[in-house]
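What follows is one structure encoded as structure tokens, with my remarks underneath.
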């Protein structure tokens, strides 16, 4: 009997180890599936809006939602495409001169050699990280094939969400089906709310950044503002990355403008953190900042660029599902799950 228990435990440990290896090996696919879930959520919200505004329902409403989302994307690129391309060309052309201006200013302050050594060291570290992230992105998350996979998968998920929900619940023991259903509903509400608030935040950051850069006379203001708005999707890391090219280009106008540009980005981040972020949390889940910060770092270290890109929605969904499945379900503690207090995401 003792031998049987030992063998059973060994088999369980081996099974857990094999499943862990399989999950890690297929993590790129799992991330793409989650990306499809995010896009399906957007399509679902668009379909609900169309249903409220028109009499279309079911497949017709979904088809209209797909064309609406594609139309918005194509329209934005068609309307802003040439101007944005010119802005990015300006950024590319002027960055060398901006870097030379920064170097000259640092030499004038007597800090040139130290800054060059620091830059060379940092460039090597960043280059190594980007090469790893780039390799992962090429292998797992970039390219037309993966985009089509995510897009078509999102359409299927949005067309019959209850079918896939029932399929997942069918894999759960019967006594846990209700808990699993509640957890999936929590994750869905959290994701919808986070997307709604995040889109509003990204638009506001783009507008505020463009207005400030335009007022300061920084070149390529629109392109830099769009970069800031898009990178606002990535918490903590995105705003820092977005500020670097703006400050460098501002040096073309002089150190004073560069300092004002730095102040502008700090001001926008204060507005985003103290005014816009509470708006996001009204619709979504108030994830503790430290949890989100380390989640972004862990996602980047483990899964590269795609992990960083999806780190925020992944953290939001995982946060509420852990509350429901583990804290409330396994530990049996009375807990008000974060989405229970949100009325905007339901």
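By the count of other C-beta atoms within 10 Å, a proxy for reagent exposure, 209, 54 are ordered fewest to most as 54, 209.
Each of 175, 192 was scored by other Cβ atoms within 10 Å of its Cβ. Listed from fewest to most, they are 175, 192.
Were the residues from residue 271 through residue 7 laid out at 0.36 nm apart, the gain over their Cα-Cα distance would be 89.1 nm.
Within a 10 angstrom radius of the beta carbon, how do 13, 320, 327, 287 rank from fewest other beta carbons to most? Display every interim value, and only then the final one.
Working: 13 10, 320 25, 327 14, 287 21.
So the ranking, lowest neighbour count to highest, is 13, 327, 287, 320.
Computed from the coordinates by the stated procedures, all read-outs in this text should not be read as laboratory data. As the structure is a computational prediction, the values presented were derived from the model and not from experiment. Cβ: placed from backbone, ideal geometry, glycine included. Neighbour counts: every protein chain shown.
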